[in-house]
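Take a look at the structure set out below.
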Amino acid sequence: MAPLRKPALFRIFENSLRKCGLNFLRLSAEGAHPASYQVIGPANSFTVQVYIWNLTFGGRQSIPGEWRIQVTGLPEFGGHQRFQPKEGEKTVVLGWCQELQVFAGYDVTKHLGPLGGSPSIQIRQPALEACRVNGLAHHFRGGEEVAFAIKPECMGIYLDFVEDLHACGSSNEALELLAGIFEDPPLIDDSEVNEKVPEPRRFAVVSTKKALRDANFSNRVLTAYSNTCAMCGTQLRLLDAAHILPAAHPESTDDTSNGISLCALHHRAYDRGLVTFGTNYRIHINASAVEELTDRNLHGGLEKFSENLFHMIEVPPAKADRPAEKYVEQVNSLRGWVI
């Protein structure tokens, strides 16, 4: 397979940000390498400097399943190439595997010295294949250095916690917990993280666990609903996987049957009790809420809002994925709906 040029590699990186629901601004000129981005998420914003190369098969019989980036084209200082992290910015070193459609992410802090003529940095194929299933996977390279395999949909998680994730290479217990979290996040209890992970890394590990759970839930729910709002049919990458019984409730779960795909407008309307649906899937508008909005002269757009609602929510074809009656009844009772 022919290697991709830098513009194509950066387009793949940018598309991975879009898949994560992140906004971004490219701060560096077209053709610059590394490229600098301002990444804007729901809860934070940061600048990241991105180095990227093709990930190619190593081909050495002595090390089967080895993939590598060949580090070329960096600025030279004293006759040697060097990475140049910028203070106050994140720096990522990525490889893109076109064959498996995943990234490799390397720890730049382990490669800050002179690099020589054409150095390579490796990762093993089992990690690349595991991340195709789980979203993230790690490969311990020795010397407290760990590389990560990253599915494009999980790039946002990796960028959020990149420094702390790589720093887990100094702790075997932290790496073991990360492996368990990547494979099945709910199985690892937060208390186990607090017990085994060094304090500076705990927040990142717990947050990674939550982010992977959220991503897994979102992917299952949006896929079940064909990436379409169940209340109005909107797609346009404006969708949320909403919990029917809110995630904060002690009896809430991440089952697909406790989720529904909603556009941003109807997600907010549902959470605020302006609309709901019953166990027969019919959609209802809250008459009391409408009356209150009208009294406060805040009912602008209500007619159009009502017109755009389906009579019934669209449900997934698989019965097991459809809203479970127990969650629908419980949340409607909590919010005072009488249907």
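Some points to look at:
- Selection status of Q81, modelled with pLDDT under 95, surrounded by 14 or more Cβ atoms within 10 Å (Cβ to Cβ), of a type in the set (S, T, N, Q) and over 29 Å from the mean Cα position of the chain (by Cα): yes
- Tally of residues being surrounded by fewer than 20 Cβ atoms within 10 Å (Cβ to Cβ) and in contact (Cβ under 8 Å) with a residue 60 or more places away in the chain across region 33-47: 3
- The lone exception for R213 - which of (1) more than 14 Å from the chain's Cα centre (by Cα); (2) surrounded by fewer than 17 Cβ atoms within 10 Å (Cβ to Cβ) it fails: (1)
- Those strands (runs of 3 or more DSSP E) of region 115-166 in which at least 1 residues are assigned by TED's automatic domain parsing to the domain that holds L94, surrounded by fewer than 20 Cβ atoms within 10 Å (Cβ to Cβ) and hydrophobic (A, V, I, L, M, F, W, C), considering only elements entirely within it, cover 136-142.
- Annotation: of all residues in region 101-114 being in a strand (DSSP E or B) and aliphatic (A, V, I, L, M), the one that is nearest to C168 (Cα to Cα) is A104.
- Which numbered condition V205 fails, given (1) surrounded by 21 or more Cβ atoms within 10 Å (Cβ to Cβ); (2) at pLDDT 85 or above: (2)
- All positions within region 119-159 that are among the aliphatic types (A, V, I, L, M) and under 17 Å from C97 (Cα atoms): I121, I123, A127, L128, A130, V133, L136, A137, A147, A149, I150, M155
- Checking M1 against (1) more than 15 Å from the chain's Cα centre (by Cα); (2) assigned by TED's automatic domain parsing to the domain that holds V93; (3) of a type in the set (A, V, I, L, M, F, W, C), the condition it does not meet: (2)
- Test: G259 is under 19 Å from the mean Cα position of the chain (by Cα) and surrounded by 21 or more Cβ atoms within 10 Å (Cβ to Cβ): yes
- Scope region 276-307; condition within 23 Å of P317 (Cα to Cα) and surrounded by 16 or more Cβ atoms within 10 Å (Cβ to Cβ); matching residues: T276, F277, G278, Y281, I283
- D164 vs. criteria without any contact (Cβ under 8 Å) to a residue 40 or more places away in the chain and acidic (D, E): no
- Residue within region 60-67 that is closer than 19 Å to F140 by Cα, of a type in the set (G, A, S), in contact (Cβ under 8 Å) with a residue 12 or more places away in the chain and surrounded by 21 or more Cβ atoms within 10 Å (Cβ to Cβ) present: no
- For region 6-32, the set of residues classified as part of a loop (DSSP other than H, G, I, E, B) and either buried (at least 18 other Cβ atoms within 10 Å of the Cβ) or not assigned by TED's automatic domain parsing to the domain that holds L136 (or both) consists of C20, L22, listed by residue number.
- Considering region 305-321, and only residues there that are of a type outside the set (F, W, Y) and in contact with a strand residue (DSSP E or B) (Cβ under 7 Å, 6 or more places away or on another chain), the residue that is nearest to H266 (Cα to Cα) turns out to be L309.
The values are calculated or read from the model by the stated rules, or taken from the named source; none is laboratory data. Please read all numbers here as calculations on a predicted model, not as lab measurements. Ideal geometry is used to build each Cβ from the backbone, glycine not excepted, and the neighbour counts take in all protein chains shown.
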